[in-house]
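> Quick one: structure below, then a few questions.
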Amino acid sequence: MRSRSIALVGLAVVAIIASACSSAATPVPGLKIGLVTDVGTLNDKNFNQYSWEGAQAGATAIGAQAPQSAVSSVSADIAKNIQSFVDQKYDVIVTVGFAAGSDTIKAAKANKGIKFIGVDQSPCLDAAGVEDPTFGCKGDAAALLPNLVGIQWKEQQPGYLAGIVAASISKSGHIAAIGGTAAVPAVPNYMLGYANGAKSVKSTIKVELQYISAAPDKAAFADPAGGTAFAKQLLAKFTDVDVLFQVAGLTGNGVLQAACDAKIYGIGVDVDQFLSTPDTAKCTVVSAEKKLSKNVSDQIQKVKAGTFKAGTAKLDIGSNDVGLSPFHDSASLITPATQKLIDDAVAAMKAGTLKACDENAFGGCNIPK
């Protein structure tokens, strides 16, 4: 009996050792995913943060290890951060923001074995496969760079809906929008849609459209104090403006603060800023929203599933990837008549009978000269 017990103990020990060796030899499951931020911070309560949350959700959905992030303090950091993930042999690299587009194209071209997901980007190449700064885009990006997908949205559509809201709740008939820079197409897309949506409600409404910076720099997207100062200057000049739409990332959070300080209505951008920016929730009526987290997560899951499709994923209201956030505490401002205007505009955009702006060949807005 004793010898049988010793034998069983021996077998158990062998089993434990074998199990431990097997466990040690088993690689960490799933893909290695890295995210490179746009200029700013990871917790910007806007584009970087929600893209990061999408990367985390995507990793969880496919059973991958937790993704890693690299923060870009200035534009020059973007290429360095991408290369760091390349050197560490990451499988998927997510880059955030229009400003990262060029560096992402270069990295994807040099590293065909890595999948790249460019948020707010649309790879534009000439016939030789070289990035085309003139935006002629005669090369087939999907064929020339089969490992890169750019996620873009028709921002003019949620912008248009936000404009309907702004015109409907304005008592003065004078509203405004402040953008980070016109150099990033998403910004004027939102703002031109906003102006057109407002004018669809009141043709005589006055709409101020102003930009903080000429470049996609820190002042444009990562300076809340600067956003507050810029907005206060606008409000001092146009004292009857009573609705203010921000399209400036973290800088825009300062714009919302200025709206709250002036006791006027604010409209957020990209994400539901009533939730993401609680300090200004009291005056944030609604946000013109992209489904950022979902869209980044979806692309990561496509990599794992083998359904990754290169080129540009142009997302719009037809696939419910853009729209308005809930109205939360401001729901009482939205009358049945205003809600009907919103619903009718959504239906018309989905049907293709309403364009939120004069669209160019890439689905964005032509900027009036």
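The values are calculated or read from the model by the stated rules, or taken from the named source; none is laboratory data. This is a predicted model, so every value here is computed, not measured. No Cβ is skipped: glycine too gets one built from the backbone with ideal geometry, and neighbour counts run over all protein chains shown.
> When the stretch 320-365 is examined, which residues are found to be under 20 Å from L192 (Cβ atoms) and aliphatic (A, V, I, L, M)?
Answer for the stretch 320-365, where residues must be under 20 Å from L192 (Cβ atoms) and aliphatic (A, V, I, L, M): V322, L324, L341, I342, A345, V346, A348, M349, L354, A356, A361.
Rundown of residues vs (1) among the hydrophobic types (A, V, I, L, M, F, W, C); (2) under 19 Å from V286 (Cβ atoms), yes/no style:
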{"site": "I151", "(1), (2)": "yes, no"}
{"site": "Q156", "(1), (2)": "no, yes"}
{"site": "K171", "(1), (2)": "no, yes"}
{"site": "N189", "(1), (2)": "no, yes"}
{"site": "K237", "(1), (2)": "no, no"}
{"site": "D242", "(1), (2)": "no, yes"}
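> How many residues are over 16 Å from S172 (Cβ atoms) and in contact with a helix residue (DSSP H, G or I) (Cβ under 8 Å, 6 or more places away or on another chain) when one looks only at the stretch 196-217?
Qualifying residue count for the region: 9.
> Does the stretch 191-200 contain at least one residue that is assigned to a loop (DSSP other than H, G, I, E, B) and in contact (Cβ under 8 Å) with a residue 60 or more places away in the chain?
Keep residues of the stretch 191-200 that are assigned to a loop (DSSP other than H, G, I, E, B), which gives none.
No, the stretch 191-200 has no match at all.
> Sticking with this structure for a sec: If I filter the stretch 136-163 down to residues being crowded, with 23+ Cβ neighbours inside 10 Å and of a type in the set (G, A, S), which single residue comes out as farthest from the chain's Cα centre (by Cα)?
A141
> Further question on the same structure: Being in contact (Cβ under 8 Å) with a residue 12 or more places away in the chain, surrounded by fewer than 24 Cβ atoms within 10 Å (Cβ to Cβ) and hydrophobic (A, V, I, L, M, F, W, C) is the filter here, so list the residues in the stretch 232-261 that pass it.
Across the stretch 232-261, the qualifying residues are L234, L235, F238, V241, C260.
> Evaluate the following for V39: is it surrounded by fewer than 24 Cβ atoms within 10 Å (Cβ to Cβ), touching a residue at least 24 places away in the same chain (Cβ under 8 Å) and under 17 Å from the mean Cα position of the chain (by Cα)?
No: the conditions fail for V39.
> Test T204 against the criterion of being in a loop (DSSP other than H, G, I, E, B), surrounded by fewer than 16 Cβ atoms within 10 Å (Cβ to Cβ) and in contact (Cβ under 8 Å) with a residue 24 or more places away in the chain, and give yes or no.
Yes; evaluated as a whole, the condition is true for this residue.
> Residues that are acidic (D, E), buried (at least 20 other Cβ atoms within 10 Å of the Cβ), assigned to a loop (DSSP other than H, G, I, E, B) and not assigned by TED's automatic domain parsing to the domain that holds V119: does the stretch 262-277 have at least one?
Kept after step one, since they are acidic (D, E), are these residues of the stretch 262-277: 270, 272.
Next cut, buried (at least 20 other Cβ atoms within 10 Å of the Cβ) only: 270.
Filter once more, so that each one left must be assigned to a loop (DSSP other than H, G, I, E, B): none.
No; the residues of the stretch 262-277 include none that is acidic (D, E), buried (at least 20 other Cβ atoms within 10 Å of the Cβ), assigned to a loop (DSSP other than H, G, I, E, B) and not assigned by TED's automatic domain parsing to the domain that holds V119.
> Restricting to the stretch 311-369, what's the tally of residues that are loosely packed, with under 12 Cβ neighbours inside 10 Å and under 23 Å from D120 (Cβ atoms)?
Number satisfying all stated conditions: 2.
> What number of residues within the stretch 71-88 satisfy the criterion of being within 21 Å of the chain's Cα centre (by Cα), among the small types (G, A, S) and closer than 18 Å to K106 by Cα?
Total meeting the criteria: 4.
> Still on this model: Of the conditions (1) of a type outside the set (S, T, Y); (2) in the same structural domain as V39 (by TED's automatic domain parsing); (3) under 24 Å from D242 (Cβ atoms), L161 satisfies every one except a single condition; which number is it?
Failed condition: (2).
> If I filter the stretch 347-354 for residues that are more than 30 Å from A55 (Cα to Cα), in contact with a strand residue (DSSP E or B) (Cβ under 8 Å, 6 or more places away or on another chain) and free of Cβ contacts under 8 Å to residues at least 24 places away in the same chain, do I get at least one hit?
For the stretch 347-354, residues more than 30 Å from A55 (Cα to Cα), in contact with a strand residue (DSSP E or B) (Cβ under 8 Å, 6 or more places away or on another chain) and free of Cβ contacts under 8 Å to residues at least 24 places away in the same chain: absent.
> Just for the stretch 214-245: of the residues that are charged (D, E, K, R) and in a helix (DSSP H, G or I), which one is farthest from the chain's Cα centre (by Cα)?
Of everything passing the filter in the stretch 214-245, K237 is farthest from the chain's Cα centre (by Cα).
> Output the residues belonging to the stretch 136-150 that are part of a loop (DSSP other than H, G, I, E, B) and either closer than 27 Å to S69 by Cα or touching an Asp or Glu at 6+ places or on another chain (Cβ under 7 Å) (or both).
G136, K138, G139, L145, P146, N147
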